[in-house]
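K.L.:
Right, I'll just put the structure down here and ask away after.
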Amino acid sequence: MPPAADKTPESRRTQMYKGVLELALMRLLQDGAQYGLKILDSLHEEAGLDLSEGTLYPLLHRLEKAGLIKSEWRHEAEASHPRKYYGLTPAGATELKAQGDIWLEMTERLNAFLKRGN
């Protein structure tokens, strides 16, 4: 039996998500800075991406280290403790544009390919 036959739909979905999480995260932060749990909720509700804190926070750290996002602590009246907010940097906006253009072209062509003959 080929290895792919052992994969569940969820494991296949997880593999595909890994390639789009960075792009989706930067696109979300383009709209404004957000804190971790809000990012998780937004990516789940708006983009349909099911990810955990254990996936999100290392990604945030990696993007911050690369200079694509920045973080700051904010204390808001309705929150009981300060929250760390993440926002897109100018370098992140440039990278988002580059990755977004590639993604849109690639998916347009791949979608047409997958639908051929149907």
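The values are calculated or read from the model by the stated rules, or taken from the named source; none is laboratory data. Source: prediction; values computed, not measured. Every residue, glycine among them, receives a Cβ derived from its backbone with ideal geometry; neighbour counts consider all protein chains shown. Protein only, heavy atoms only, side chains kept; ligands, DNA and RNA dropped before computing areas. Shrake-Rupley method; radii C 1.70, N 1.55, O 1.52, S 1.80 Å.
K.L.:
Which value, in debye to the nearest 20, describes the size of the charge dipole of the stretch 42-113 about its Cα centre when Lys and Arg Cβ atoms bear +1, Asp and Glu Cβ atoms bear -1, and nothing else is charged?
P.N.:
340
K.L.:
Of [x] 67; [y] 63; [z] 58, which is the value of percent of Cα pairs over 17 Å apart derived from the coordinates here?
P.N.:
Matching entry in [x] 67; [y] 63; [z] 58: [y].
K.L.:
Please identify every one of the GluC sites (Glu not before Pro) in the stretch 49-96 that sits in a loop by DSSP and has no more than 10 other beta carbons within 10 Å of its own beta carbon.
P.N.:
GLU78
K.L.:
Remind me, relative contact order of the chain in percent, using alpha carbon pairs under 8 angstrom and six or more residues apart?
P.N.:
Values: 96 pairs, mean separation 29.2, N = 118.
RCO, the chain: 25 percent.
K.L.:
Quick one: what are the phi-derived ³J(HN,Hα) couplings along the stretch 48-56, Karplus 6.51/-1.76/1.60 with θ = phi - 60°, whole Hz, x for glycine and proline?
P.N.:
For the stretch 48-56, the Karplus curve yields x, 9, 9, 9, 9, 4, x, 9, 5 Hz.
K.L.:
On to the next question. Projected onto the charge dipole of the chain (+1 at Lys/Arg Cβ, -1 at Asp/Glu Cβ, origin at the Cα centre), which of ILE39, LEU68, MET106 gives the Cα projection farthest towards the positive end?
P.N.:
Of the candidates, MET106 comes out farthest on the positive side.
K.L.:
Okay, moving on. Counting only pairs 8 or more residues apart or on different chains, how many lysine pairs in the chain have their Cα atoms under 20 Å apart?
P.N.:
Value for the chain: 10.
K.L.:
Which of GLN99, GLN34, GLN15 ends up with the largest GNM mean-square fluctuation for the chain, with Cα atoms connected below 10 Å?
P.N.:
Fluctuation is largest for GLN15.
K.L.:
Follow-up question, since we're still on this one. Please give the per residue accessible area of the chain, computed with a probe of 1.4 Å over protein heavy atoms only, in Å². Could you put the intermediate results ahead of the total?
P.N.:
Details: 8360 Å² over 118 residues.
Solvent-accessible surface per residue comes out at 71 Å².
K.L.:
Which percent of the accessible heavy-atom area of the stretch 13-100 goes to carbon and sulfur, probe 1.4 angstrom?
P.N.:
52
K.L.:
Let's test the formula: R0 of 25 Å, r as the Cβ-Cβ distance of TRP103 and SER71. What FRET efficiency results, to the nearest 0.05?
P.N.:
0.50
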